[in-house]
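Since the structure comes first, as structure tokens, the remarks are kept for the end.
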Amino acid sequence: MPLRNKLKEYRAALGVNQQQFGALVGTSRQTVSQIERGDYSPSVTLALKIAKACGCAVEDIFILEETDHGTKE
Amino acid sequence: MEQKNNAGALPEDKKKSRRAVLLFALILLCSLLLGVALGLGIAASEKNGLDLAALFRSAGEAFASAAWLVNLLAWAAALLLCGLLHRNAKKRLAAWDGEDEDASERIDTILSASLAASNTALFIDLLCIASSACSVRNIPSLPLFLFGLGTELLGLLLGTALQNTSVKLAKRLYPEKRGELLSPRFQKEWLASMDEAEIAQTHAAAFASFRTMRAAFPVAWVVCVFAGLAADVGFFPGLVVTLLWAAASMSYMLSARRLGLRGKERKNERNSPKTD
């Protein structure tokens, strides 16, 4: 996957389930689940909302994997 | 740096373009040969006394006389299948903790299967209604015709009821979903309650459907042209397919243009200096 994320860990630290976290950032449980599984890369707006809800920077949650030839496609 | 020619195209691009033109010419030639072969085949079969128009007509009449039974069987199968699937989904929904992803995905799959079953029966019903309408001038038995028409119209109501149950169960699985299936605003409200991941998924599915239609329309058009040649089905089927093809292509082009302009407008709004 091009974009790895630690959303599951951050959400667990907040002590909320996917439904509650979705309500917190204004999205659905399915989107939270898809992001956690790495099946969906959120928009910049949603990534910023997620980072704000988790109390950290976007780069702390979402990590773009680097390869020898630069960032992965 | 790769070398560009005078027109600005890379040699590799030029090679690809040449290959595409050759492939296109080959497809055209194959289509032409196939068309000529089919036309000659039709002419030869007519010369040998095979009346394709009569064959098509009697096949249509045979389907029309059995349409009520086909429709009844289709709805019985759909009712049984959807009933079992809905019961299964309800049971799983009652046991779902709201967190288990595998369980929610299974429920989603069950609901999709029930929608597919009711949709299939609905399309068979629509085909039967069209067939009944074609046979209206040549009804072998009026009570049977009325019974068939009654089951076909009842089928439409049953299909709507089954789909309504699926939508209600989907709303239990996704409480943020809005819209009532029977409301004329259903699609608009359902779409408005989607979030970005779902919208992206819907757009991808809509594009896949558009691609399928882009492949299906030429095939349907060719079938209509040859059916006109072979079985004297008239101009109307070809006209309908051409109009639908044009509507699908034009709505895609216009939507793409409108979305592009909207994006440009937003960019201009952002770049324009604030006056206050």
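Among the numbered criteria (1) more than 30 Å from A:A23 (Cβ to Cβ); (2) in contact with a Ser or Thr (Cβ under 8 Å, 6 or more places away or on another chain), which single criterion is violated by B:C128?
The failed condition is (2).
Across the stretch A:37-55, what is the number of residues that are facing another protein chain (nearest Cβ under 9 Å) and of a type outside the set (S, T, Y)?
First, the residues of the stretch A:37-55 that are facing another protein chain (nearest Cβ under 9 Å): A:37, A:39-40, A:42-43, A:45-46.
Next, from what is left, pick out any that are of a type outside the set (S, T, Y): A:37, A:39, A:42, A:46.
Number satisfying all stated conditions: 4.
When both residues are 6+ apart or on different chains and their Cβ atoms are under 6 Å apart, which pairs have a first residue that lies in the stretch B:200-227 and is open to solvent by 50 Å² or more (accessible area, probe 1.4 Å), and a second that is in a helix (DSSP H, G or I)?
Close Cβ pairs (under 6 Å, with a partner that is in a helix (DSSP H, G or I)) amount to B:M213/B:A248; B:W221/B:V241.
It is to be established whether one or more residues within the stretch B:79-95 are of a type outside the set (K, R), within 14 Å of chain A (Cβ to nearest Cβ), part of a helix (DSSP H, G or I) and loosely packed, with under 15 Cβ neighbours inside 10 Å.
Looking through the stretch B:79-95, none of the residues is of a type outside the set (K, R), within 14 Å of chain A (Cβ to nearest Cβ), part of a helix (DSSP H, G or I) and loosely packed, with under 15 Cβ neighbours inside 10 Å.
Select from the stretch A:27-36 the residues that are within 8 Å of chain B (Cβ to nearest Cβ) and either closer than 20 Å to B:A170 by Cα or without any contact (Cβ under 8 Å) to a residue 12 or more places away in the chain (or both) and list them in ascending order.
Keep residues of the stretch A:27-36 that are within 8 Å of chain B (Cβ to nearest Cβ), which gives A:27-31, A:33-35.
The answer is A:T27, A:S28, A:R29, A:Q30, A:T31, A:S33, A:Q34.
Among B:S58, B:S45, which is at pLDDT below 85 and either closer than 30 Å to B:T120 by Cβ or touching a His at 6+ places or on another chain (Cβ under 7 Å) (or both)?
Values: B:S45 fails: either closer than 30 Å to B:T120 by Cβ or touching a His at 6+ places or on another chain (Cβ under 7 Å) (or both).
Result of the check over B:S58, B:S45: B:S58.
Is it true that B:S17 is modelled with pLDDT of 85 or more and surrounded by 11 or more Cβ atoms within 10 Å (Cβ to Cβ)?
Values: modelled with pLDDT of 85 or more: yes; surrounded by 11 or more Cβ atoms within 10 Å (Cβ to Cβ): yes.
Here the answer is yes, as B:S17 does meet what is asked.
How many residues does the stretch A:35-46 hold that are within 24 Å of B:K177 (Cβ to Cβ), surrounded by fewer than 21 Cβ atoms within 10 Å (Cβ to Cβ) and out of contact with any Leu (no Cβ under 7 Å at 6 or more places or on another chain)? So that I can check it myself, show each step before the final result.
Of the residues in the stretch A:35-46, the ones within 24 Å of B:K177 (Cβ to Cβ) are A:35-37, A:39-43, A:45-46.
Right, trim to surrounded by fewer than 21 Cβ atoms within 10 Å (Cβ to Cβ) and you get A:36-37, A:39-41, A:43, A:45-46.
Those still in the list that are out of contact with any Leu (no Cβ under 7 Å at 6 or more places or on another chain) too: A:37, A:39-40, A:43, A:45-46.
So the answer is 6.
Inside the stretch B:182-198, can you point out the residues that are within 12 Å of another protein chain (Cβ to nearest Cβ) and either open to solvent by less than 40 Å² (accessible area, probe 1.4 Å) or modelled with pLDDT of 90 or more (or both)?
Restricting attention to the stretch B:182-198, the residues satisfying the condition of being within 12 Å of another protein chain (Cβ to nearest Cβ) are B:193-198.
Hits for the stretch B:182-198 are B:S193, B:M194, B:D195, B:A197, B:E198.
May I ask you to list pairs of residues, at least six apart or on different chains, whose Cβ atoms are under 8 Å apart, with the first in the stretch B:84-100 being in contact (Cβ under 8 Å) with a residue 12 or more places away in the chain and the second being among the basic types (K, R) and surrounded by 13 or more Cβ atoms within 10 Å (Cβ to Cβ)?
B:R92/B:R106; B:L93/B:R172
Residues in the stretch B:190-202: is at least one in a loop (DSSP other than H, G, I, E, B), in contact with a helix residue (DSSP H, G or I) (Cβ under 9 Å, 6 or more places away or on another chain) and under 29 Å from A:P42 (Cα atoms)? Outline the logic, then answer.
If we filter the stretch B:190-202 for residues that are in a loop (DSSP other than H, G, I, E, B), which is where we start, we get B:193-195.
In the following step, the residues that additionally are in contact with a helix residue (DSSP H, G or I) (Cβ under 9 Å, 6 or more places away or on another chain) were identified as B:194-195.
From the residues that got through so far, the ones that are under 29 Å from A:P42 (Cα atoms) too are B:194-195.
Yes, the stretch B:190-202 has at least one match.
So, in the stretch B:138-181, of the ones that are under 30 Å from B:E99 (Cα atoms) and part of a loop (DSSP other than H, G, I, E, B), which residue ends up most open to solvent (accessible area, probe 1.4 Å)? Don't jump to the end; show me each part of the working.
Here is the first cut: in the stretch B:138-181, the ones under 30 Å from B:E99 (Cα atoms) are B:161-181.
Now restrict to residues that are part of a loop (DSSP other than H, G, I, E, B): B:174-181.
Numbers: B:Y174: 27, B:P175: 68, B:E176: 52, B:K177: 4, B:R178: 138, B:G179: 10, B:E180: 93, B:L181: 41 Å².
Taking the candidates together, the pick is B:R178.
Please enumerate the residues belonging to the stretch A:7-25 that are in contact with a helix residue (DSSP H, G or I) (Cβ under 7 Å, 6 or more places away or on another chain), within 8 Å of another protein chain (Cβ to nearest Cβ) and open to solvent by 40 Å² or more (accessible area, probe 1.4 Å).
If the condition is that a residue be in contact with a helix residue (DSSP H, G or I) (Cβ under 7 Å, 6 or more places away or on another chain), within 8 Å of another protein chain (Cβ to nearest Cβ) and open to solvent by 40 Å² or more (accessible area, probe 1.4 Å), then A:Q19 is the only one that fits.
Looking at the stretch B:230-241 only, could you name the residues that are out of contact with any Leu (no Cβ under 7 Å at 6 or more places or on another chain) and crowded, with 16+ Cβ neighbours inside 10 Å?
Going residue by residue through the stretch B:230-241, those that are out of contact with any Leu (no Cβ under 7 Å at 6 or more places or on another chain) are B:232-241.
Once the filter is applied, which keeps residues that are out of contact with any Leu (no Cβ under 7 Å at 6 or more places or on another chain) and crowded, with 16+ Cβ neighbours inside 10 Å, the stretch B:230-241 yields B:V233, B:P237, B:G238, B:V241.
The values are calculated or read from the model by the stated rules, or taken from the named source; none is laboratory data. This is a predicted model, so every value here is computed, not measured. Neighbour counts run over all protein chains shown; Cβ positions are idealised from the backbone, glycine included. Note: accessible area is taken over every heavy atom of the protein model, side chains too, but ligands, DNA and RNA are not part of it. Shrake-Rupley method; radii C 1.70, N 1.55, O 1.52, S 1.80 Å.
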